[in-house]
Structure formats: C-alpha cells, structure tokens
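Worksheet: the structure to be examined is printed underneath.
Readers should treat all values here as calculations from the given coordinates under stated rules, not as data from a laboratory. Quick caveat, the model's predicted, so the values are computed rather than measured. All Cβ positions, even for glycine, are placed from backbone atoms using ideal geometry, and neighbour counts span all protein chains on display.
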Amino acid sequence: MTKNINKKPGFTLVELLVVLAIVAALTTLATIAYDNSLANARDHQRVTDIARIQIALEQYHRDEGAYPPSLSWGQPLTGSISSTTYMEAVPSAPTVVDGNCPIAASQYSYTPGTDDSYEIEFCLGSNVGDTKSGFNCAKSDGSITAGNCN
C-alpha cells in the first residue's frame, strides 16, 4: 500500500471562493430583510400613533367641547378648561422617511377645522392593513382616507 505524499489536506482556492460568495449572498439577503422589517415597524408605529392621537382628541373634545387649536409633538396634550392631561406626550413621527414619502412629509400635520373637526396628515412607506402607502388623512369622524388632506 502506497501513500500519496503529493496530496495536502485543505481547501482549494475555488472551494474557498464559492464559500465566500455564499456567505456574501446570505449577508446581503439578511441585511435587506432587516431593513425591510425596520421600515414596516416604522409604518406600523405611524398608524398606531395616529390611532392614539385620535382617541386622545376625542376625549379632549368630549371634556372641552372643541378640539385643541394645535398639537405640540412630543409635548403633553392638556385641556384648556379642565387641565386634564389627555396624553403625556403627543407622539412624533419616526424620523426616518420610508418608501416614496418626501422628507417634508416625515412629520404628522394636525389641522383643526372651522366646523368642529380636525385632520391629521401622515405618510406611509408601505400598506398597513387597510391604510394605503403614501399620503393619508385621518379625520375627526375616525376615518383614514388615502391622499392628502384637503
């Protein structure tokens, strides 16, 4: 029985390159999936924020008889008559812009109506349930419609 002394244990250059290509492809896919999950989480947070703001505004309206003239993002929502705190801090939109939303639309926009109503404009990078991607308008009747408020 003869032993092959020319064969060295280890990997060939081709085998190493194949392994490196596979690792690079998996890393790329994982990064893309992670970025997409973060964007989806931000969009879900936006929809949740709007729902919370609408609930607080309805409680404010019930107690105060009108909607507040303005909202200060990140500040408490406190009644002008009752001094009741309806939100410890009115949520601000996530600072990262997603999808086709322009940078100017990265924040929520509250507009009180002259007819005892309000509108909150916000933008989503992707669909969240029945709420469509792009600009959306939350109204005092509890509805959210696709498109700009106007």
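Can you list, largest first and rounded to whole Å, the semi-axes you get for the chain by taking the square root of 5 times each eigenvalue of its Cα gyration tensor?
Result for the chain: semi-axes of 55, 16, 11 Å.
Which three extents, in angstrom, do the Cα atoms of segment 1-70 have along their principal axes, listed largest first?
Here the spans come out as 99, 20, 11 Å, largest first.
With contacts defined as alpha carbon pairs under 8 Å and 6 or more residues apart, what's the relative contact order of the chain in percent?
Worked out over the chain, it gives 16 percent.
By counting other Cβ atoms within 10 Å of each Cβ, how are Asp98, Asp63 ranked from fewest to most?
Exposure proxy ranking, most exposed first: Asp63, Asp98.
Just add up the charged neighbours of Gln45: K/R +1, D/E -1, any other residue whose Cβ is under 12 Å from the Cβ of Gln45.
Value of the local net charge: 0.
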